[in-house]
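One structure is given below, encoded as structure tokens.
The values are calculated or read from the model by the stated rules, or taken from the named source; none is laboratory data. Since the model is a prediction, treat every value here as computed from it, not as a measurement. Note that each Cβ is placed from the backbone with ideal geometry, even for glycine, and that neighbours are counted across all protein chains shown. The area values use the complete protein model at the heavy-atom level, side chains included, leaving out ligands, DNA and RNA. Shrake-Rupley method; radii C 1.70, N 1.55, O 1.52, S 1.80 Å.
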Amino acid sequence: MDLNTKFTPETWPAHPERATMEAKNKFVGFWLFLGGETILFATLFATYMALKNKGPSGFGFTTQELYTLPLVFVMTMLLLTSSLTSVYAMYHLKSFNFKKMQLWLGLTALLGLGFLMLEVYEFSHYVQEGFTFSNSAFSSAFYTLVGTHGFHVAVGLVWITLLIFRNSKRGLNLYNATKYYTFSLYWHFIDVVWVFIFTVVYLMGVVG
Amino acid sequence: MSEVQMIKRSPAEQSLSQRRAKEAMRSQVAMFALMIFLTLVSFSMVFAHLNDVAGFSKFFIIPTLFLFAAVQVGLQLYYFMHMNEKGHGIPQMFMFTGAMLGFLIPLTFVTIVWW
Amino acid sequence: MSSVAQKSGFGATLWDWLTTVDHKKIGILYLLGGLFFFVLGGIEAMIIRLQLMTPNNDLVSAGLFNDLITMHGTTMIFLAAMPILFGFMNAIMPLQIGARDVAFPFINSLGFWMFAFGGLFLNISWLFGEVPDAGWTSYASLSLHSPGHGVDFYAIGLQIAGGGTLMAGINFLVTIINMRAPGMTYMRMPLFTWTTFVASAMILFAFPPLTVGLFFLTFDRMFSGNFFDHTMGGNTIIWEHIFWIFGHPEVYILILPAFGIFSEIFSVFSRKRLFGYTAMVFATVLIGFLGFMVWAHHMFTVGLGPTANAIFAVATMAIAVPTGVKIFNWLLTIWGGSIKVTTPMLYALGFIPSFVMGGVTGVMQGAAPLDYQLHDSYFIVAHFHYVIVGGVVLAIFAGLHYWWPKMFGTMLNELLGKITFVFFFVGFHMTFLIQHWLGFWGMPRRVWTFMDGQGWNIANLVSTIGALLMAIGFTVMLINIIMTTIKNERVGNDPWGDGRTLEWAIPSPPPFYNFPATPLVRGLDTLWIEKMEGSKEMITPAEPITDIHMPHGSIIPMLMTLGLFIAGFGAMFHQETSWGLGVLIFGLAFTFVAMAARSLKDDLGYYVTKEQILQDQENIKRGRN
């Protein structure tokens, strides 16, 4: 495949993310990877559910008292919105509007960054209260589950930043269209996981 | 040499595909609104429960939370991740298998992990 | 390019193998790596058997014995059986579906190097003198309290190797989904390809739990986590669940490709279409599915309660049904066939009774009440060696003889092959059959030594002699391999003469682009159809010969893995040394830089020109005359 092939909105394929053989492979392979990630997070969730509120004798932390819902609500809104901005970016990917796509992806990254900073703030807040990683089985399970999600967000941010800057001067081609598309799949998957985290960890934790 | 054939759409075809894309984008935004709505309901149910505003029991709230989460995830997968489009048979098969095992593993961890 | 301007010399050859992304070369690397670890694991097994030859023996200390059994199990499962099967999958599966390469050649290479460095990491523990000693299952309470760095080597080494396995699994899946030749529908795929597909799907879903479990273990041991420490609210049963959610599918990941290999062999050497192809495919998928529903049968005696035990017992026994379907289909394939008893066929014939015995004892243990009696006894040892050795290892040896000509272009000696089989097969039954009774007589597994006068002496002696016979058989095979390589008598496309599938339609070993023109597949047993029609070229091309797109080789996969390898040592020593944390960060950064280099530099591959392919074809034809 030639990177110098110049497309116009009229010649841009309807499914640029799966136009070539390599692209089809990446597309399917990335979906399969997400299938595996489902199980990875399922195991983390399962462990969290089994270990929540468990600690050494005299352990004082419970889900009801620990979590602060307003913060979680703001984080949820940021991440959900970043999902929509990523959908807009893919809309522009398909209509061959590179500048707007980059813009929406930049916005996505900013929202993701906001989410991540709030998560860091949340964690440091808990640590200050004495709820450290090594403090109990509950804390280990909590930080590992939510932290793995946060790690995924961080990886996504690095990924999209590299993509945006690497391609800023080259515009869209069939080689990087798949990269952008798989990033957006990844980003939505992160959102899917977060939906379960705010439901199972925070909301259910607070309800008891 | 390129394995992709360049096919130029006529102006009519191009405007049709643009219109379709716009319509699809509108439905995406509608789905987003629905997701935000579900999230709001979830959070307000829990807030109300905490502050004793509405008298739902937690045995009603928890299943409802799960239901809303499942619907949201379905919307994400089928609309935002385009699983409703053609050519997604394999992704569907593997995501559903993953979801099934992903349900089974937490189920066993809350039932047969003894203390 | 690479075929015209090949540099020679040791350095160039080494560089070529370090950077290769060719699926056939990676297949050979997997095979050689796997055989190396197979020898290591075999030596460990021999020492175990020599220690247990006589009562009150003190050939090795009790601590060393624990090291040996742990490393024997871990090595054989993760570093020998799986990589060797991956070697076959890599070398053969793309040929069977008429593809030029796997879907992700770069990731293929990365997967191999992660296996190699993971295995190296695990075995470096011998040099440190701190070896994993908590059993291959590494149950948490025991593994948490194991002193020294032994279990750390286990956790990090398997983490690296497991990552490679996951990548290989995804790669095979995408290859089969996307890269089948025109006409190669799912229901025309050879059974080895089918079993590769199902086993890879199982890898995709089984390895993430292992990743998570190993991270938990790493956190608990090295980063003061509390997942399994009950004094901190943790729960050791969680490790058991996670391990077996991975571990049970793992044994099917091993046995399904073995089934695939035997299906090919039965059909070829009975010169008949595989009986009940559709049922075979269905049974494979069903076994794969049920394989995920039965993990708790390893935990019957944990005390999960009668309901859970009953559910898992029933699900376990259900697996016997599709497996039985397969056994009968193989028998009916042989029945009425024009049988040629070659070395691979000999292994296949030996496999059926051996594996059935292992399967039947499996159903016995599936009955939860009986399992309470059998648990942790030598009966268990006998059972899983009957399925793993009687199934997987026999398949590996069969496949090695069967596909050796396709991978290396030479034919292993048939007489030596049969001698190997006799020694190995007799030795295998001698070693493990008697262990069933040892179990009944009350001998617990994983014991360092036993007292005199319990009636176990003769049985243990017999078992050890059997193990020696297996070692002799394997040595004969190594001699066979060396002799064949030295003689170097080249063979043609289809040295067995009865090949039915596409890999036998092209030269042995195939040119690096496999097929000059993508083949057109017109039914199951593609090559057989061509043979029956008297076709001269043995392949109906689906397209004219054109330029072929090929990927560039790359050293980056090895560098990425090297970074992880370094980071592993950092993680292990970060608590007691000042440099550990730095090394950990350096290793991860190294990997990241390598990844970024890969990502930022566009690598679009290159084209093999049509002229060059035609020239190649010409050379091959001239070489034949």
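With r as the distance between the Cβ atoms of A:ALA14 and C:VAL314 and R0 = 51 Å, compute the FRET efficiency 1/(1 + (r/R0)^6) and round to 0.05.
0.55
On a straight-distance basis, which aspartates and glutamates could pair with C:LYS531 in a cross-link, Cα separation under 15 angstrom, same-chain partners fewer than 8 positions away excluded?
The qualifying aspartates and glutamates are C:ASP494, C:ASP498, C:GLU503.
If you build the Cα gyration tensor of chain C and take the root of 5 times each eigenvalue, what three semi-axes come out, in whole angstrom, biggest first? Write down the numbers at each step before the final one.
On the way: eigenvalues 309, 188, 104 Å².
Three semi-axes, in Å: 39, 31, 23.
Can you give the Rg to Rh ratio for the stretch C:434-500, taking only C-alpha atoms and Rh from Kirkwood?
Radius of gyration relative to Kirkwood radius: 1.31.
Measure out, as a whole number of angstrom, how far apart the alpha-carbon centroids of the stretch C:352-385 and the stretch C:18-76 sit.
Taking the Cα centre of each part, the stretch C:352-385 and the stretch C:18-76 sit 23 Å apart.
When Lys and Arg each count +1 and Asp and Glu each count -1, what net charge do the other residues less than 13 Å away from C:LEU166, Cβ to Cβ, add up to?
After counting each charged neighbour, the total is -2.
Which FRET efficiency value, to the nearest 0.05, is calculated for C:SER224 and C:GLU618 with the Förster distance at 60 angstrom and r the Cβ-Cβ distance?
0.35
Rule-of-thumb check for the stretch C:585-625: C-alpha Rg over 2.2 N^0.38 Å?
Computed over Cα atoms of the stretch C:585-625, the ratio equals 2.25.
What number comes out for the charge environment of C:ASP220, summing +1 per Lys or Arg and -1 per Asp or Glu over other residues with Cβ under 12 Å away?
-1
C:MET595 versus A:GLN64, label points 7 Å from Cα toward the beta carbon: distance in nm?
Here the answer is 4.2 nm between the modelled labels.
When only the heavy atoms of the protein chains count and the probe is 1.4 Å, how do B:TYR78, A:TYR202 rank by accessible area, highest first?
Largest accessible area first, the list is B:TYR78, A:TYR202.
Would you kindly state the longest site-free stretch of chain C, with sites defined as GluC sites (Glu not before Pro) in a DSSP loop (not H, G, I, E, B) surrounded by at most 15 other Cβ atoms within 10 Å?
Details: sites that count: C:GLU489, C:GLU533, C:GLU537, C:GLU576.
Longest run free of exposed loop sites: C:1-488.
With everything on Cα atoms, drop me the angle between helix C:394-408 and the longest principal axis of chain C, reported from 0 to 90° to the nearest 10.
Value to nearest ten degrees: 30.
Under the 0.36 nm per residue contour assumption, what length would be gained going from the current alpha-carbon distance of C:ASP603 and C:PHE128 to full extension?
So the extension gain works out to 167.0 nm.
Between A:LYS100 and C:HIS552, with labels modelled 7 Å along Cα→Cβ, what's the label distance in nm to one decimal, could you check?
3.6 nm
Between the stretch C:396-424 and the stretch A:22-86, what's the alpha-carbon centroid distance in Å?
With the stretch C:396-424 and the stretch A:22-86 each reduced to a Cα centre, they are spaced 50 Å.
Taking Cα pairs under 8 Å and at least six residues apart, what relative contact order does chain B come out at, in percent?
Numbers: 22 pairs, mean separation 23.2, N = 115.
The value is 20 percent.
Compute the long axis of helix A:98-128 from its Cα atoms, compare it with the longest principal axis of the Cα atoms of chain A, and write down the angle in degrees, 0 to 90, nearest 10.
Approximately 10 degrees, to the nearest 10.
Compute log10 of I(q)/I(0) for the stretch B:15-84 with the Debye formula, placing one identical point scatterer on every Cα and leaving out solvent, at q = 0.15 Å⁻¹, to two decimals.
Summing over Cα pairs of the stretch B:15-84 leads to -0.59.
Out of all Cα-Cα pairs in the stretch C:407-464, roughly what percent, to the nearest whole number, are more than 16 Å apart?
56 percent
What number, in percent, do you get for the relative contact order of chain A if the mean sequence gap of Cα pairs under 8 Å and at least 6 apart is divided by its residue count?
Computed value for chain A: 36 percent relative contact order.
In the protein assembly as shown, what percent of the accessible surface is made up of carbon and sulfur (1.4 Å probe, ligands and nucleic acids excluded)?
Solvent-exposed carbon and sulfur of the protein assembly as shown make up 70 percent of the total.
Tell me the net charge near C:PRO209. Cut-off is 13 Å between Cβ atoms, C:PRO209 excluded, with +1 for each Lys or Arg and -1 for each Asp or Glu. If you can, show how the numbers build up before the last one.
Details: positive: none; negative: A:GLU37, C:GLU240, C:GLU250.
Charge balance near C:PRO209 sits at -3.
Using alpha carbons only, how many degrees (0 to 90, rounded to 10) separate the axis of helix C:277-290 from the longest principal axis of chain C?
Approximately 30 degrees, to the nearest 10.
Can you give me the solvent accessible area of A:TYR121 with a 1.4 Å probe, rounded to the nearest 10 Å²?
130 Å²
Give the accessible area for C:LEU416 in Å² (nearest 10); use a 1.4 Å probe, count only protein heavy atoms, and leave out ligands, DNA and RNA.
30 Å²
With a probe of 1.4 Å, find how much accessible area the protein assembly as shown has per residue, and write the answer as a whole number in Å².
With the other protein chains kept in place, the protein assembly as shown gives 38 Å² per residue.
Whole percent per 10 Å bin, from 0 to the bin with the longest distance: what is P(r) over all C-alpha pairs of the stretch C:251-295?
26, 49, 22, 4
Report, as a whole number in µm² per second, the diffusion coefficient that Stokes-Einstein gives for chain A at 10 °C and 1.306 mPa s using the Kirkwood radius over alpha carbon pairs.
Value of D from the Cα-based Kirkwood radius: 85 µm²/s.
Among the listed pairs A:LYS24/B:LYS86; A:LYS24/A:LYS94; A:LYS24/C:LYS610, which are separated by more than 20 Å between their Cα atoms?
A:LYS24/C:LYS610
Given a 1.4 Å probe and heavy atoms of the protein chains only, how would you sort B:LEU16, C:LEU254, largest accessible area at the top? All intermediate terms of the calculation are to be shown ahead of the outcome.
Details: B:LEU16 65, C:LEU254 0 Å².
So, going from the largest accessible area down, we get B:LEU16, C:LEU254.
Across the stretch A:128-197, how large is the tail of the calculated P(r) beyond 20 Å, expressed as a percent of all Cα pairs?
Looking at the stretch A:128-197, the distances longer than 20 Å represent 47 percent of pairs.
One quarter of the convex hull surface, Cα atoms only: what value does that give for the stretch A:54-136 in nm²?
The orientation-averaged projected area of the Cα hull of the stretch A:54-136 comes to 6.6 nm².
Using heavy-atom solvent-accessible surface (probe 1.4 Å) with all chains present, what is the largest-first order of B:LEU38, C:LEU332?
C:LEU332, B:LEU38
Using Cα pairs closer than 8 Å and at least 6 residues apart in sequence, work out the relative contact order for chain C, in percent.
Working: 1032 pairs, mean separation 101.8, N = 625.
Normalised by residue count, the contact order of chain C is 16 percent.
Over all directions, average the projected area of the Cα convex hull of the stretch B:64-115 and note it in nm².
Dividing the Cα hull surface by four gives the mean projection, 4.4 nm².
Using a 1.4 Å probe and ignoring any ligands, DNA or RNA, find the accessible area of A:SER124 and quote it in Å² to the nearest 10.
Approximately 50 Å² for this residue.
Who wins for biggest fluctuation among B:SER44, B:SER17, B:SER27 in a Gaussian network model of chain B, springs between alpha carbons below 10 Å?
Result: B:SER17 has the largest fluctuation of those listed.
Against the empirical 2.2 N^0.38 Å scaling, what ratio does the C-alpha Rg of the protein assembly as shown come to?
0.96
Nearest 100 Å², what total accessible surface is buried between chain A and chain C (probe 1.4 Å)?
Using a 1.4 Å probe, the pair buries roughly 2900 Å².
What distance in nm separates the two pseudo spin-label positions at B:PHE103 and A:ARG166, each 7 Å out from Cα along the beta-carbon direction?
Taking the two extended label points, one gets 3.8 nm.
Once the stretch C:319-440 is represented by equal point scatterers at the alpha-carbon sites, with solvent omitted, what log10 I(q)/I(0) does the Debye formula produce at q = 0.16, 0.19 Å⁻¹?
Values, matching the q order: -0.84, -1.05.
Karplus couplings for the stretch C:198-213 from phi (6.51 cos²θ - 1.76 cosθ + 1.60, θ = phi - 60°), rounded to Hz, Gly and Pro as x?
5, 4, 5, 4, 5, 4, 4, 9, 8, 6, x, x, 4, 3, 4, x
For C:ILE482 and B:PHE59, what is the calculated FRET efficiency with R₀ set at 60 Å and r taken between the beta-carbons, to the nearest 0.05?
E(calc), rounded to 0.05, equals 0.25.
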